[in-house]
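Participant: Got a structure for you, questions after.
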Amino acid sequence: MTAPTPASERLLAPDLARGVMLLLIALAHSRMLHAGGNSLTTPAGGGPADVAVQWLLTSFVDGRAAPLFGLLFGYGLVQMTRRLTGPDGDPAGARRLIRRRGIWLVVFGVAHVVLLYAGDVIGAYGAFAVMFAGAVSWPGRRLWVVTGVTLVVGVLAATALQFAAGADVPLPVGPTLLDSAALRAMALPVLPVAALAVAPSVLLGIWAGRQRLLEDARRVPLLRRVAVIGFPVAVLGAQPVALQAVGLWSPGSAAVGALAVAVFAVTGIAGGLAFMAVIALVAGRIGDRRGPVTTALVACGRRSMTCYLAQSPVWLVMTEPSLLDLGGRLGAATAAAVAVATWIGTVVVADVLGRAGRRGPAETLLRYLTYGGRRGVAESSRLG
């Protein structure tokens, strides 16, 4: 068994990346507040600021934030396994741990969907951990083959979902909170498909973890190339959808429209990789010179599950017909401002918890359930 990992020795880049990722996630979720809704290609209208914000978010955030989430999840699986197994190795024990943790993530995800938010991703990553627990020890060739296969499945699923959604897909809300919960629960049977959809980015995250991409100074040239190539690929790949979102282009046929969505989906992973690379490069420059902003972002990243879940009550209150009923009623710029304010609130709370030396409640509960009782508390402390 390895020794405990003190907070002072935790890697800066993954925690910083998780903190920034939650801003991107909040911005992606803000689309439910403007007229574009769940259809990526539907213009939200409004003034020049709204149009500019919708183009920016479609080009840089939508379909690009989720891959960053997956990359960091996969990277974290490798870190967790490495700390568990130590130099002697215990791959069977690591698989059991990943699968047990995944089961509880599914439970968290189901509860999140039913109680708060239909677009949960925690359950999808939990289902991935259950289905692909052994991926952390797969040989390289198998890892790349499965990544390719699941990428095709994910792109097809994303394309089908956009065409099934259409331009007028309603939010999953009903006249009462109970009705809305029932509508959200109807999405639960697609959880295995969601796990396959997130698999490519998680598997790439596992590869990145094996390469120690966020911690090895020798990887800086590779990180620079990933950033320089990844952002242009992601942004250019988003334009066939982004231009539809601002009303500047319309596909001439269903086949062209499907191709536009497919290109958008596949190039999103390049955006996730580029975000991860840039944050890693920034973390390398920061080093031990952490100011209050970096400290707060890291605190948020270390409590990413709590902060992610804490965003959902905002979406619930904003969209429920029995509450504020603002779903689809705000301009894109105002909706983005709500997202930024929500994220800042979670960063502040995380910073307070960090300064008090306390974990996030969601992380504490997940560790307790995964490891069990006092042994779980000690084990989770050891694993960071």
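The values are calculated or read from the model by the stated rules, or taken from the named source; none is laboratory data. Because the structure is a prediction, the values reported are computed rather than measured. For neighbour counting, all protein chains shown are included, and Cβ atoms are generated from backbone atoms with ideal geometry for every residue, glycine included.
Participant: Tell me, yes or no, whether the range 228-246 has at least one residue that is without any contact (Cβ under 8 Å) to a residue 24 or more places away in the chain and over 23 Å from MET32 (Cβ atoms).
Facilitator: Checked against the condition, which is being without any contact (Cβ under 8 Å) to a residue 24 or more places away in the chain and over 23 Å from MET32 (Cβ atoms), the range 228-246 yields at least one hit.
Participant: Confirm whether VAL145 is surrounded by fewer than 15 Cβ atoms within 10 Å (Cβ to Cβ), part of a helix (DSSP H, G or I) and modelled with pLDDT of 95 or more.
Facilitator: In short, yes.
Participant: Follow-up. Would you pick out the residues in the range 200-224 that are in a helix (DSSP H, G or I), touching a Leu at 6+ places or on another chain (Cβ under 8 Å) and of a type in the set (A, V, I, L, M, F, W, C)?
Facilitator: VAL202, LEU203, LEU204, ILE206, TRP207, ALA208, VAL220, LEU222, LEU223
Participant: Pick from ALA194, ALA227, ALA234: which is surrounded by fewer than 21 Cβ atoms within 10 Å (Cβ to Cβ), under 19 Å from the mean Cα position of the chain (by Cα) and part of a helix (DSSP H, G or I)?
Facilitator: ALA227 is the lone residue from the list that is surrounded by fewer than 21 Cβ atoms within 10 Å (Cβ to Cβ), under 19 Å from the mean Cα position of the chain (by Cα) and part of a helix (DSSP H, G or I).
Participant: Does the range 24-45 contain any residue that is without any contact (Cβ under 8 Å) to a residue 24 or more places away in the chain, in a helix (DSSP H, G or I), of a type outside the set (Phe, Trp, Tyr) and more than 28 Å from GLY291 (Cβ to Cβ)?
Facilitator: The answer is no, given that none of the residues of the range 24-45 is without any contact (Cβ under 8 Å) to a residue 24 or more places away in the chain, in a helix (DSSP H, G or I), of a type outside the set (Phe, Trp, Tyr) and more than 28 Å from GLY291 (Cβ to Cβ).
Participant: Taking the criterion of being more than 30 Å from ALA254 (Cα to Cα), out of contact with any His (no Cβ under 6 Å at 6 or more places or on another chain) and surrounded by fewer than 21 Cβ atoms within 10 Å (Cβ to Cβ), would at least one residue in the range 69-77 satisfy it?
Facilitator: Yes, the range 69-77 has at least one match.
Participant: From the list VAL282, VAL235, which residue is among the β-branched types (Val, Ile, Thr) and either in contact with a Gly (Cβ under 7 Å, 6 or more places away or on another chain) or under 25 Å from ALA197 (Cβ atoms) (or both)?
Facilitator: Details: VAL282 fails: either in contact with a Gly (Cβ under 7 Å, 6 or more places away or on another chain) or under 25 Å from ALA197 (Cβ atoms) (or both).
Testing whether each residue is among the β-branched types (Val, Ile, Thr) and either in contact with a Gly (Cβ under 7 Å, 6 or more places away or on another chain) or under 25 Å from ALA197 (Cβ atoms) (or both) leaves just VAL235.
Participant: So ALA167 passes all but one of these: (1) surrounded by 16 or more Cβ atoms within 10 Å (Cβ to Cβ); (2) among the aliphatic types (A, V, I, L, M); (3) at pLDDT below 95. Which condition number does it fail?
Facilitator: Among (1) surrounded by 16 or more Cβ atoms within 10 Å (Cβ to Cβ); (2) among the aliphatic types (A, V, I, L, M); (3) at pLDDT below 95, ALA167 violates only (1).
Participant: Here's something else I'd like to know. Before we move on, is LEU191 under 16 Å from VAL202 (Cβ atoms) and among the aliphatic types (A, V, I, L, M)?
Facilitator: Answer is yes for this residue.
Participant: Further question: With the checklist (1) modelled with pLDDT of 95 or more; (2) exposed (fewer than 14 other Cβ atoms within 10 Å of the Cβ) in hand, flag the one item TRP315 doesn't pass.
Facilitator: For TRP315, the failing item is (2).
Participant: Can you tell me which residue in the range 322-372 is surrounded by the most Cβ atoms within 10 Å (Cβ to Cβ), limited to those that are in a loop (DSSP other than H, G, I, E, B) and aliphatic (A, V, I, L, M)? If you could, list the steps in order and put the result at the bottom.
Facilitator: Initially, the range 322-372 is screened for residues in a loop (DSSP other than H, G, I, E, B), giving 322-329, 331, 356-360, 372.
Filter once more, keeping what is aliphatic (A, V, I, L, M): 323-324, 326, 356.
On the way: LEU323: 13, LEU324: 13, LEU326: 18, ALA356: 7.
Taking the candidates together, the pick is LEU326.
Participant: While we're looking at this one, here's another question. Kindly indicate which of VAL298, VAL261 is in a helix (DSSP H, G or I), more than 17 Å from the chain's Cα centre (by Cα) and surrounded by 18 or more Cβ atoms within 10 Å (Cβ to Cβ).
Facilitator: Going through VAL298, VAL261 in turn, just one is in a helix (DSSP H, G or I), more than 17 Å from the chain's Cα centre (by Cα) and surrounded by 18 or more Cβ atoms within 10 Å (Cβ to Cβ): VAL261.
Participant: Looking at the range 90-105, can you tell me whether even one residue there is in a helix (DSSP H, G or I), under 20 Å from the mean Cα position of the chain (by Cα) and under 30 Å from PRO321 (Cα atoms)?
Facilitator: yes
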